[in-house]
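Inspection log for the structure reproduced underneath, given as structure tokens.
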Amino acid sequence: MARVVLVTGGTRGIGKAISERFKKDGYAVAANYGGNAEAAKACEEELGIKTYKFDVSNYEETAAGLKQIEADLGPIDVVVNNAGITRDAPFHKMTPDQWTQVIDTDLSSAFNVTHPVWTGMRERGFGRVINISSINGQKGQFGQANYSAAKAGLIGFTKALAQEGAKKGITVNVVAPGYIDTDMVRAVPEKVLETIIATIPTGRLGKAEEIASMCAYLASEEAAFINGATMTVNGAQYITG
């Protein structure tokens, strides 16, 4: 029987690429989305996967969504916490709402999604949790105190949870993408984008498929001894020790 994977924010951009890769690898894929029903329907039809709408920043709504997924597909074996938003502003102009929205969607969502399935993973002796952070959660970024805090928080969450799940066959790891060629990045003004690419030693934007490949590897049996790690995929733009 195919393992079941949930990809949050899994119908567009990096999330869609992750959903597509897991589908190709033979998983039963559930792709969560928050608001863009048109994109979700198109993704569902194109990839042949099931999509589920629920707000990952809300624990009760998420728990209900997970229950429906497990009723449809079976127990969730792999979670990819990919959902995220930005509400950029210099800190002195940032509103409490901009802070809270990003923390709730980009960080608290990892708790909301992982917590309800954690006991089942422990009982079955297998689980994979993959948290999508960001280069800006590692180095920080002007105008992104909220986003950088949330993405850095995912790294701490991962390190703690990895230690709790290890003896139960659960691994918890981070993938920290650099600048990836998605619609969101391509919407950046051309001159700004050129400046960004100039700081990437590889000389190009990353591909969403490259992030998906890393996720697929971390979910595999071959990666069972990789736990609590932060895998940077950024073209050598930011190198950690």
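Once Lys and Arg get +1 and Asp and Glu get -1 on their Cβ, which of Ala28, Ile85, Ile132 lies farthest toward the positive end of the dipole of the chain?
Farthest towards the positive end: Ile132.
What distance in nm lies between label points placed 7 Å from Cα along the C-beta direction at Glu164 and Ile197?
About 4.3 nm separates the two model spin labels.
Run lengths n ≥ 4 of DSSP H only: what is the helix-derived mean residue ellipticity at 222 nm for the chain, with -39500 (n - 2.57) per run over all residues, to the nearest 500?
Working: 10 runs with 113 residues, N = 241.
After summing the helix terms and dividing by residue count, I get -14500 deg cm²/dmol.
Using the Kirkwood radius built from alpha carbon pairs, what does the Stokes-Einstein equation give as D for segment 1-140 at 25 °C and 0.890 mPa s, in µm² per second?
Working: Rh = 15.5 Å.
D = 159 µm²/s.
For every other residue with a beta carbon closer than 15 angstrom to the beta carbon of Lys151, add +1 if it is Lys or Arg and -1 if Asp or Glu, then tell me the sum.
Net charge around Lys151: 0.
Determine the equivalent ellipsoid of the chain by diagonalising the alpha-carbon gyration tensor, then write out the semi-axes as square roots of 5 times the eigenvalues, largest first, rounded to whole Å.
27, 19, 19
Apply the Karplus parameterisation 6.51 cos²θ - 1.76 cosθ + 1.60, with θ equal to phi minus 60°, to every residue of segment 32-48 and state each ³J(HN,Hα) to the nearest whole Hz, in sequence, with x for glycine and proline.
Calculated HN-Hα couplings, in order: 7, 9, x, x, 8, 5, 5, 5, 5, 5, 5, 5, 4, 6, 5, 9, x Hz.
Since every read-out is calculated from the coordinates, none of them should be taken as a lab result. Small disclaimer: the values here were computed from a predicted structure and weren't measured. Reconstructed Cβ throughout: ideal geometry from the backbone, glycine too, with neighbour counts over all protein chains shown.
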